[in-house]
Every structure is written in C-alpha cells, then in structure tokens.
Amino acid sequence: MSENTISLINSEEIKNLLPQADNMVLVDVICQVNTESIQGIKNVAMTEHFLEGHFPNESMMPGVLILESMIQLANLLILIRDDSKKGYYSHLKKVVDIKFKEKVKPGDQLLITVTSLERLKSAERFKGVVKVDNKIVTAGVFELIGHTK
C-alpha cells in the first residue's frame, strides 16, 4: 500500500477481509487508512445481539467487544497495508493498558482510531482510541500476534 490515505471501505469489503463470522464483525465502515493508522465506525444498534443480556435494564456494549472492535481494525490495517498478508489473521497477545471511561449505549456511534506503535519480532503493538460524540470512551494499548490460515 502506498503512503496515501485510502477512504471509505464498506461493510461488505470488511467482511471479505476479516475471518470473523458476519455477526461478529464489529466495524461497519473504514473512514481512513494509511500505513500506520486506521479509522472506522461502529454503529451500536438497538438490535445488537450482545445488548439483550448486557444488561436487561440498562443495555451497554460490553467492554471486551469495544476492545474487539479495536483489534478488528488493527487486523484490517495489517491486511490493507500488505497485500501479501491475504489469509493472515491476528489474535490478541497482550493488553498493555486499557481504560473504559464511559458506557457505550444503544444508538451510540463509535469512532475508532487504531495506530501502529511498534512492530516487534513476532507481534505488533497498537494504540486504540474510541470516541462517542468526540469524547473518549475507551483507550488503550494492545499487542497482536499473527498467523496464516
């Protein structure tokens, strides 16, 4: 991939790139991507399957799924910037630091930004920031380790 920024990759293209089943894809659209960072959106619909029991009287998106949305974007960054990674997938190696500052509720739109901080020998370190209405709701640093299918 060139140094230029690519904009707007839709949900069908995202589903073709990620190994997750459609109902587990937590990125709706990619707004921007370059060689070191990626930005995407997740619209938290009232009908999300994970909201049914978390929690019945006050639905909120589980923190682990907010982290998963950052991980999926990091995976997409790896796949988009390097065509030779087709068939490649990553999983979480380590959470270095994560803070959940606000609840994410049905109707919220997550603006997720993931930046590559460091490419390690067998992993890559990323920083993720998730905002709702321009306010940080989650931020953290994590590492992914990759595999080929």
So what are the ³J(HN,Hα) numbers for segment 42-52, from phi and the Karplus equation (6.51, -1.76, 1.60; θ = phi - 60°), rounded to whole Hz, Gly and Pro as x? 10, 8, 8, 7, 4, 9, 4, 4, 6, 7, 4
With bins of 10 Å, the percent of all Cα-Cα pairs of the chain per bin from 0 is 11, 43, 36, 9, 1
Output the pairs from K86/K121; K85/K131; K85/K127; K42/K121 with a Cα-Cα distance over 24 Å in this structure; if there are none, say none. K85/K131; K42/K121
Spacing of the two label points (7 Å from each Cα toward its C-beta) at K86 and T35, in nm: 2.2 nm
Calculate one ³J(HN,Hα) per residue across segment 16-33 by plugging θ = phi - 60° into the Karplus curve 6.51 cos²θ - 1.76 cosθ + 1.60, and present them in order as whole Hz with x for glycine and proline. 6, 7, 7, x, 5, 5, 3, 6, 10, 6, 10, 10, 8, 7, 9, 7, 8, 8
Quick one: compute the contact order of the chain, relative version, from alpha carbon pairs under 8 angstrom and 6+ residues apart, as a percent. 23 percent
Sequence neighbours fewer than 8 away in the same chain don't count; with that in mind, list the aspartates and glutamates whose C-alpha is under 20 Å from K135. D28, E68, D97, E102, D108
When the Karplus curve 6.51 cos²θ - 1.76 cosθ + 1.60 is applied with θ = phi - 60°, which whole-Hz ³J(HN,Hα) does each residue of segment 58-64 get, with x for Gly and Pro? 8, 4, 8, 6, x, x, 4
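Taken together, the values in this text are just the output of simple stated rules run on the coordinates, not laboratory data. If you're wondering where the values come from, they're calculated on a predicted model, not measured in any experiment. For neighbour counting, all protein chains shown are included, and Cβ atoms are generated from backbone atoms with ideal geometry for every residue, glycine included.
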